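Report on one structure; see the data block that follows.
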Amino acid sequence: MTWFNKLLPSLAVGVALCSAPIARAEEKPTKPQSTEERLDVVEVKQGDAVVKGDIPGSFRIPGSEVSLRLYGFAELNWIHAFNNDNTDEDYATFAPYLPLEDSVQAERGGRDYFTARTSRIGLEAGMPTKYGVMSVKLEGDFSNEPRRGNTSTYGAPQNVYTQLLSNSYGFRLRHAYGKFGGLLVGQTWSTFMDVDNLPETVDFNGPVGSTFIRQPQIRYSYGTLKAGTFTAALENSVTYMLGPDGTLEASASRMPDLVLRWDRGFGFGGLSFRAMTQELRLKSGDLDVTKRGYGVAASGTVKTGAVGFLTFGATAGTGIGRYMYYVEGAAYDAAEDEIVLENAVGGYVGYQLKASDVLRFNFAYGIVYELDSDYTDLAEQEGFDGSDPDLANARYGVNQIVQQAHAGFFYSPVPATDFGLEGIYGARETLSGRKGSEFRLNFLARFYVN
């Protein structure tokens, strides 16, 4: 032991003994606080204290009436595609654009990949007003390929570059709105979409035949005790239609889309009915043609005892376009100088069985069917019916039918966790009779924040 190590304890004791008298010498007698002064101190401390907020899982910002909630989850998806690799279009299941049989993409079987891009973060705030609680929601995920701005995992060198080193995906806006007194302004799920009555799936996209869209809107809802809730909304009108050769043409609509909705809960579950209309307009130089599209939808939930429930939905429309997952909506007929509208119907059904507090099984099936119309006649005449000799181009032809089935489960061994496994089968057939199908497994691990 060195001389410094021997001396160190003695120095410590000396410093302690020397500092104690000095500290006592510096202390000065204080005047006792009055009761009023003590109450003032308590009030200040209470104003600075962090207390439970009015929103579940929130806290109140000290010195204000604003309740704040931070939420989200970290999520990993492990996907194995046994055949027909569709990930140049979407990392999740997307049956409408499945590669056609005998194509190069269809032969890319056995694909396996991981992604954490579906991880999510959100912020919710609320404060009381004379019109009720004013709430704000901001939410996003990372499902955005930074170099191409899409959801693909291959198809271009940029998709591969992203995954070579950092797998850094861009933040993507999901929800951004404020609401109070029945009024909602901002971006969220379309009023035409019934989020509450959709089947739960491990797959990010879920079954076809429903509505799956978020967009900016102005919405007003009026709730009643017995007659349900009535809602009207003006929503973003940006959409597209197919041009003369099957290419995409942006719609130049002059007004927002209109959506009307009714919801009501019952003892057996709940029901929802919706209707929408949108202007489809092609404007370029001297060309200026317009048609109006329409759509209707119904959905609901039926309880099947204490451990399960059934969800269902049906959607139909003429020129419904993006409001049905998934159809194109309309095309321009150059010979007739008019827009022809697509007629399509779709539906889904799902069932959840809650085996225990930690285990639930889910089953879902969805379908979209194209009805004969001037739109399908034009597709066949112009060759965008899937008959193109080049299978890479035929892949984007109009479908006659698209189907998708899901079967899986979620296991939650501890609070704030979900582990899921699901098998997904998808199939399509174009107007020309060409087919494509896929089968994949999707494992999910999700860890919640609040």
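Data overview
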| item | result |
| --- | --- |
| Residue match in region 197-205 (condition: modelled with pLDDT of 85 or more, among the β-branched types (V, I, T) and closer than 30 Å to R360 by Cα) | yes |
| S284 under 29 Å from V202 (Cβ atoms) and either in contact with a helix residue (DSSP H, G or I) (Cβ under 9 Å, 6 or more places away or on another chain) or loosely packed, with under 15 Cβ neighbours inside 10 Å (or both) | no |
| Among the candidates T188, T118, T153, residue that is in contact with a Leu (Cβ under 9 Å, 6 or more places away or on another chain) and β-branched (V, I, T) | T118 |
| Condition check for L260: under 15 Å from M193 (Cα atoms) and either surrounded by 18 or more Cβ atoms within 10 Å (Cβ to Cβ) or not small (G, A, S) (or both) | yes |
| Near pairs, Cβ below 9 angstrom, 6+ apart or cross-chain, from region 56-72 (part of a strand (DSSP E or B)) to any residue that is at pLDDT 95 or above and acidic (D, E) | S67/E124; L68/E124; R69/E124; L70/E124; Y71/E124; Y71/E139; G72/E139; G72/D141 |
| Residues within region 78-99 that are of a type in the set (D, E) and either under 22 Å from G329 (Cβ atoms) or not in a loop (DSSP other than H, G, I, E, B) (or both), tallied | 2 |
| Test set (1) buried (at least 19 other Cβ atoms within 10 Å of the Cβ); (2) closer than 30 Å to V349 by Cα; (3) out of contact with any Asp or Glu (no Cβ under 9 Å at 6 or more places or on another chain) - K179 fails condition number | (2) |
| Residues of region 389-427 satisfying the condition of being surrounded by 19 or more Cβ atoms within 10 Å (Cβ to Cβ), out of contact with any His (no Cβ under 9 Å at 6 or more places or on another chain) and of a type in the set (D, E, K, R) | R395 |
| Selection count where residues are within 20 Å of L248 (Cα to Cα) and either of a type outside the set (S, T, N, Q) or at pLDDT 95 or above (or both), scope region 271-289 | 11 |
| Matching option when the condition is modelled with pLDDT under 85, surrounded by 15 or more Cβ atoms within 10 Å (Cβ to Cβ) and acidic (D, E), among D85, D141, D194 | D85 |
| Positions within region 263-281 being farther than 15 Å from T311 by Cα, hydrophobic (A, V, I, L, M, F, W, C) and buried (at least 18 other Cβ atoms within 10 Å of the Cβ), in sequence order | M276, L280 |
| Residues of region 221-255 classified as under 25 Å from the mean Cα position of the chain (by Cα), in a loop (DSSP other than H, G, I, E, B) and in contact (Cβ under 8 Å) with a residue 24 or more places away in the chain, total | 3 |
| Tabulated pairs, region 344-361, first in contact (Cβ under 8 Å) with a residue 40 or more places away in the chain and part of a loop (DSSP other than H, G, I, E, B), second surrounded by 14 or more Cβ atoms within 10 Å (Cβ to Cβ) and not aliphatic (A, V, I, L, M), C-beta under 7 angstrom, 6+ apart or interchain | A355/F361; V358/Y411; V358/S412 |
| Qualifying residue in region 329-340 (condition: assigned to a loop (DSSP other than H, G, I, E, B), surrounded by fewer than 16 Cβ atoms within 10 Å (Cβ to Cβ) and either at pLDDT 95 or above or in contact with a helix residue (DSSP H, G or I) (Cβ under 8 Å, 6 or more places away or on another chain) (or both)) | no |
| Candidates D141, D112, D102, filtered to the one that is touching a helix residue (DSSP H, G or I) at 6+ places or on another chain (Cβ under 8 Å) and of a type outside the set (A, V, I, L, M) | D102 |
| Every pair of residues 6+ apart whose Cβ atoms lie under 7 Å, when the first sits in region 286-302 and is farther than 17 Å from S272 by Cα while the second is among the acidic types (D, E) | V289/D337; V289/E338; T290/E279; R292/E279 |
| Positions within region 96-120 being over 16 Å from F439 (Cα atoms) and either within 20 Å of the chain's Cα centre (by Cα) or modelled with pLDDT of 90 or more (or both), in sequence order | F114, T115, A116, R117, T118, S119, R120 |
| Subset of region 256-285 that is touching a residue at least 60 places away in the same chain (Cβ under 8 Å) and basic (K, R) - its residue that is nearest to F312 (Cα to Cα) | R274 |
| Among residues of region 385-440, those that are under 24 Å from I367 (Cβ atoms) and part of a loop (DSSP other than H, G, I, E, B), counted | 11 |
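Quick grid of which residues meet (1) part of a strand (DSSP E or B); (2) of a type in the set (D, E); (3) over 15 Å from the mean Cα position of the chain (by Cα); (4) more than 21 Å from P56 (Cα to Cα):
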{"site": "G122", "(1), (2), (3), (4)": "yes, no, no, no"}
{"site": "P128", "(1), (2), (3), (4)": "yes, no, yes, no"}
{"site": "S135", "(1), (2), (3), (4)": "yes, no, yes, no"}
{"site": "N144", "(1), (2), (3), (4)": "no, no, no, yes"}
{"site": "T162", "(1), (2), (3), (4)": "no, no, yes, yes"}
{"site": "G170", "(1), (2), (3), (4)": "no, no, yes, yes"}
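The values are calculated or read from the model by the stated rules, or taken from the named source; none is laboratory data. Here the structure is a predicted model, which means the values were calculated and not measured. When we count neighbours, we look across all protein chains shown, and the Cβ atoms used for this are built from the backbone with ideal geometry, even at glycine.
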